[in-house]
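First comes the structure, then the notes that go with it.
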Amino acid sequence: MPHETKGVVARAKGEPVELLDVVVPDPGPGEALVRVQASGVCHTDLHYREGAINDDFPFLLGHEAAGVVEQVGEAVSDLEPGDYVVLAWRAPCGQCRSCRRGRPWYCFDSRHEAQPLTLADGTPLTPALGIGAFTELTLIGAGGAVKVDPRARPEVAGLLGCGVMAGWGAAVNTGGVQRGETVAVFGCGGVGDAAIAGATMAGASKVIAVDIDPRKLEMARGFGATDTVDATAGDPVEAIRDLTGGFGVDVAIEAVGRPETYEQAFYARDLAGRVVLVGVPDPSMRIDLPFIELFGRGGALKSSWYGDCLPSRDFPLLIDAYLRGQLDLDAFVSETIGIGDVEAAFGKMQRGEVLRSVVVL
Ligand code: APR
Ligand code: ZN
Ligand code: ZN
């Protein structure tokens, strides 16, 4: 029996999102039906509604969620009704060329649900990042439901499904921050702050937060930043060199997604240091660097996809760190909102007023 619920839908490019009736089928083979309890509002949701990702409207938004498994389809062996899960928008398939080479965090063929959710008139919805979680019930590929300790409330657990995992993983998984290393993080939104928290947990000796907004720099200290640099007050590269004996940092993490901050990250690192790009650029952006500097400065220029995470390893690990008081996930939740408030939350996100607005269902 299909289930009827309400969902936050982007019908057309640039139009405000609407709360519409959504029909969710029973789970088929390899699928799970999940009762969503909380779902964070992410930049990617806004990018979908602006038509910046693709034109497959209408979209069912939301992809940073936690909830409880309601029903599972055939051939689902490791999930059962009642399991408390965080949803991962990429889950290793085990079969693609990357999984088979032992690099499942790059999986190129993550399995999502096969059956579409639809509007009441039967129009199929495209779920954001294959999830679609601004709805009470959603259908997902069962591999994307990762069991975690139910003592972590859904508002915080769900954040691991996207932004926090991306930032934490950029520092720990992609950047490979080691004990005693120095780190700079450009952009202290939810993603950058999670990178700061990750670098701190990994034992960085210095974590330098860079932003243009003093409110964000203040929050960054709460996540473990040892120093802050206001990029409006002068050249942040110089400031970072001054803080690191004139050399620059071992790892520079770009969490804005702009050419100018990428260039700053490039020059703010020590010789043979690493740059990690986790901010997502706009397709129109270009960068222009002297070619000789790419050679002469050595090291590594890496991009971090979803924090290069392994959801089944990293989600429970970070939830346990939260429950032990080692990772302050509560501090990422600026506000909890109702399912009808997503459009307003986009505005707050664009004005830089929140780290995360989280829809509670
Ligand atoms: N220099 C330093 N910081 C900057 C600059 C700049 N030139 N421009 C903007 N910022 C800061 C903003 O003040 C803000 O604090 O970058 C931060 C970006 O944070 P959010 O907008 O909250 O975005 P967040 O959710 O953290 O995501 C950051 O990662 O996953 C991607 O798509 C996401 O590209 C986005 C990035
Ligand atoms: Zn794969
Ligand atoms: Zn996201």
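When restricted to residues that are buried (at least 24 other Cβ atoms within 10 Å of the Cβ) and of a type outside the set (A, V, I, L, M, F, W, C), the range 193-223 contains 3. Is it the case that residue 104 is away from ligand 1 (no atom under 16 Å from the Cβ), assigned by TED's automatic domain parsing to the domain that holds residue 57 and crowded, with 16+ Cβ neighbours inside 10 Å? Here the answer is yes, as residue 104 does meet what is asked.
Could you tell me which residue of the range 303-361 is farthest from ligand 2 (Cβ to nearest atom), considering only residues that are touching a Pro at 6+ places or on another chain (Cβ under 9 Å) and in a helix (DSSP H, G or I)? Across the range 303-361, the extreme among qualifying residues is 343. Report yes if residue 239 is closer than 20 Å to residue 169 by Cα and part of a helix (DSSP H, G or I), otherwise no. Spelling it out, it is not the case that residue 239 is closer than 20 Å to residue 169 by Cα and part of a helix (DSSP H, G or I). Among the residues of the range 250-284, just one is among the small types (Gly, Ala, Ser) and at pLDDT below 95, namely 284. Of all the residues in the range 130-161, those that are in contact with a Phe, Trp or Tyr (Cβ under 7 Å, 6 or more places away or on another chain) and among the hydrophobic types (A, V, I, L, M, F, W, C) number 7. Candidates 181, 136: the one that is in contact (Cβ under 8 Å) with a residue 24 or more places away in the chain, more than 16 Å from ligand 1 (Cβ to nearest atom), surrounded by fewer than 24 Cβ atoms within 10 Å (Cβ to Cβ) and not assigned by TED's automatic domain parsing to the domain that holds residue 32 is 181. Would you be able to tell me the number of residues in the range 235-293 that are surrounded by 14 or more Cβ atoms within 10 Å (Cβ to Cβ), among the aliphatic types (A, V, I, L, M) and over 11 Å from residue 184 (Cβ atoms)? Counting residues in the range 235-293 that are surrounded by 14 or more Cβ atoms within 10 Å (Cβ to Cβ), among the aliphatic types (A, V, I, L, M) and over 11 Å from residue 184 (Cβ atoms) gives 5. Can you name every residue in the range 44-71 that is buried (at least 22 other Cβ atoms within 10 Å of the Cβ), among the hydrophobic types (A, V, I, L, M, F, W, C) and not in a loop (DSSP other than H, G, I, E, B)? Across the range 44-71, the qualifying residues are 59, 60, 65, 66, 69. The condition of being within 29 Å of residue 236 (Cβ to Cβ) and within 16 Å of ligand 3 (Cβ to nearest atom) does not hold for residue 128. Among the residues of the range 87-95, is there at least one that is more than 16 Å from ligand 3 (Cβ to nearest atom), in contact with a Gly (Cβ under 7 Å, 6 or more places away or on another chain) and at pLDDT 95 or above? Within the range 87-95, not a single residue is more than 16 Å from ligand 3 (Cβ to nearest atom), in contact with a Gly (Cβ under 7 Å, 6 or more places away or on another chain) and at pLDDT 95 or above. Of all residues in the range 316-328, none are touching a Ser or Thr at 6+ places or on another chain (Cβ under 6 Å) and touching a residue at least 24 places away in the same chain (Cβ under 8 Å).
Restricting the range 335-347 to residues that are in contact with a strand residue (DSSP E or B) (Cβ under 6 Å, 6 or more places away or on another chain) and more than 16 Å from ligand 3 (Cβ to nearest atom) leaves a set whose member that is farthest from residue 153 (Cα to Cα) is 340.
Taking the criterion of being buried (at least 24 other Cβ atoms within 10 Å of the Cβ) and touching an Asp or Glu at 6+ places or on another chain (Cβ under 8 Å), the residues of the range 114-130 that qualify are 127, 128.
Picking from residues in the range 10-25 that are under 15 Å from residue 345 (Cβ atoms) and in contact (Cβ under 8 Å) with a residue 24 or more places away in the chain, the one that is surrounded by the most Cβ atoms within 10 Å (Cβ to Cβ) is 10. The C-beta contact set for the range 46-73 (first residue more than 22 Å from residue 311 (Cβ to Cβ), second residue among the aromatic types (Phe, Trp, Tyr) and within 16 Å of ligand 3 (Cβ to nearest atom), distance under 6 angstrom, 6+ apart or interchain) comprises 46/346; 59/48. Considering the range 133-196, the qualifying strands (runs of 3 or more DSSP E), each wholly inside and each with 3 or more residues that are under 30 Å from residue 300 (Cα atoms), run over 182-186.
The values are calculated or read from the model by the stated rules, or taken from the named source; none is laboratory data. Remember, predicted model here, so these are calculated numbers, not experimental data. Positions of Cβ are generated from backbone atoms using ideal geometry, with glycine treated the same way; all protein chains shown enter the neighbour counts.
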